[in-house]
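The values are calculated or read from the model by the stated rules, or taken from the named source; none is laboratory data. No experiment lies behind these values; they were computed from the predicted model shown. So basically every Cβ, Gly included, is an ideal-geometry build from the backbone, and we count neighbours across all protein chains shown. Keep in mind that these areas ignore ligands, DNA and RNA; they rest on the heavy atoms of the full protein, side chains included. Shrake-Rupley method; radii C 1.70, N 1.55, O 1.52, S 1.80 Å.
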Amino acid sequence: MGTDNALQAAVDVDRITPAINRALAAQTTPPPCEELVELRQTLQGHIQGLLPLVERQVELMDRATVAWYERRCRLNTLSRKAAQGLGAGAQPTHEHLRSLAYACTFLLENSGLIQEPAQ
């Protein structure tokens, strides 16, 4: 249980959402390359911080379920995707950053750090 608290303390939820919003924002002109690299590094850092928390959540699930399998596959994909470079050209770079932003969103929603709204 102490490990969970240490992992949660290492994640700054208040910094994740602005990074996601920056990556998903529609832009008429691409930002400078340095800004794209910085955003990629920021998103990768958030992914690395959130992955262990979601891994722990998935390990608590029943392995005989479709939900466990789907989350396990998604985590494997996200790990590989986070390690990829930006690519060549504006469109692949933008798509990669959006993909990382969606990965952060998925991880944040499945990390146990935020409460889901009541329905």
For residue 112: the one exception among (1) exposed (fewer than 13 other Cβ atoms within 10 Å of the Cβ); (2) part of a loop (DSSP other than H, G, I, E, B); (3) of a type outside the set (A, V, I, L, M, F, W, C): (1)
Residues that are modelled with pLDDT of 85 or more and open to solvent by 50 Å² or more (accessible area, probe 1.4 Å), drawn from the range 85-105: 95, 98, 102
When residues of the range 40-79 are limited to those that are within 22 Å of residue 17 (Cα to Cα) and among the basic types (Lys, Arg), the one least open to solvent (accessible area, probe 1.4 Å): 40
Pairs, first free of Cβ contacts under 8 Å to residues at least 24 places away in the same chain and among the polar types (S, T, N, Q) in the range 48-71, second open to solvent by 50 Å² or more (accessible area, probe 1.4 Å) and outside any helix (DSSP H, G or I), C-beta under 6 Å, six or more apart: none
The range 82-94 residues that are under 11 Å from residue 36 (Cα atoms), paired with ones that are charged (D, E, K, R) and surrounded by 12 or more Cβ atoms within 10 Å (Cβ to Cβ) (beta carbon under 7 Å, 6 or more apart): 86/40
All positions within the range 10-39 that are of a type in the set (Gly, Ala, Ser) and open to solvent by 60 Å² or more (accessible area, probe 1.4 Å): 10, 26
Residues located in the range 64-84, provided they are touching a helix residue (DSSP H, G or I) at 6+ places or on another chain (Cβ under 8 Å) and farther than 15 Å from residue 103 by Cα: 68
